[in-house]
Amino acid sequence: MTSGRGASGPGGGTGEAAAWVDGRLVAAGAPVLSVGDRGFQLGDGVFETLRVRRGVPIELALHLARLREGLAVLAIPMPWSDAELAAAIAAAVATNAPADAAVRVTATRGAPAGRGLLPAGWRDLRPTVVVQAWPHVRVPDEALARGIRAIVASGRRDAAHPLATVKTTSRADHVHAKLEAERAGADDAITLTIDGHVAEATTANVAIVVGRRVLTPPLAAGILAGTTRDWLLRPEGAAALGLAAAEAWITPGDVVAADEALLCSSIAGFQALVALDGEPVGSGAPGPWAGSLRAAREAWIRAASGG
Ligand SMILES: Cc1ncc(COP(=O)(O)O)c(C=O)c1O
């Protein structure tokens, strides 16, 4: 968690100087976490990744609410208030220099003395809470112009699983999907539900544009309730551009038959998905809606962070 070895952060940035760990700032490489920490041992934790612009965490309330909901599913208490977490984010951002940052908030069940899934005294454990910040790195223009080529991941999503919509620190299935993409020479992987509907990409939600409608899978597809997806569906999102946004079950066939397809996340924004399993989506090149939605979301973030 605090490796500090110049590892690439959520925004692709490097050089994390210090992390906020349980109330204090520590050098990013310092050995501050117990080897017994459940996040390390079992992936027993929940995290959030959010964008900070000009020192303003974008949609902080949504991110913290999602974090608390996820923690509640795993019965992990959050010892810090939203105001304290906001102060922790401010401290991590200030220490790591740029006011434009990618921030990660991680909370795990903590470090029990004993072994086992729920060892004696687990209810009294003090959770470990870490806030990290990296410089925000925007997606390069060449990458935007090229668009994302994805494969369909071999693993399926059980949409009925109680953790399907929780951003747990157990991301090995997402890492595996990304490895499959890498091996196939693709940029990303789309995971399908057990019954073959599109769920989400490895670190983004999916949407398609058909005519003047933009469609994104429902939360019942077992996906993360992405904040960017949420914006897309709100009146200030797609509707402000004259697109009717709705939730809909979509298949890989719908993706390749669409006029455009999109991936969206708080750090990377909107990006065009131009191919799926080697089949071109629409014209096979980024279309106009990907650019318009990206620009509109950026303008909204600028306004939300004071211009
Ligand atoms: C699996 C997955 N889906 C969707 C998203 C998009 O969520 P948000 O828009 O809140 O960043 C993410 C973001 O990291 C993600 O990891």
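Every number in this text was worked out from the coordinates using simple rules, so none of it is lab data. The structure displayed is predicted, hence computed values, not measured ones. Note: ideal-geometry Cβ built from the backbone for every residue, glycine included; neighbour counts use all protein chains shown.
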Expressed in angstrom and rounded, the centroid-to-centroid distance over alpha carbons for region 101-134 and region 192-215 is 32 Å
Bridge orientation stat for the chain from DSSP, antiparallel percent rounded to 5, came to 80 percent
For 241, 85, ascending order of other Cβ atoms within 10 Å (fewest first) is 241, 85
So the pair-distance distribution of the chain, from every Cα-Cα distance in 10 Å bins, comes to percents of 6, 27, 34, 24, 8, 1
Sorted largest first, the C-alpha extents of region 18-135 along its principal axes in whole angstrom are 45, 30, 19
The Rg/Rh figure for region 123-239, Cα atoms and Kirkwood Rh, to two decimals is 1.00
Only helices counted: for the chain, with every DSSP H run of 4 or more residues adding -39500 (n - 2.57) and the sum spread over all residues, [θ] at 222 nm is -8000 deg cm²/dmol
Residues whose modelled amide H sits under 5 Å from the amide H of residue 247, counting only those 5 or more places away in sequence or on another chain, are 216
GNM of the chain, Cα pairs under 10 angstrom: of 161, 174, 197, the biggest fluctuation goes to 161
By Cβ neighbour count within 10 Å, fewest first, 146, 51, 302 rank 302, 146, 51
Taking 232, 179, 125 and counting other beta carbon atoms within 10 angstrom, the fewest-first order is 179, 125, 232
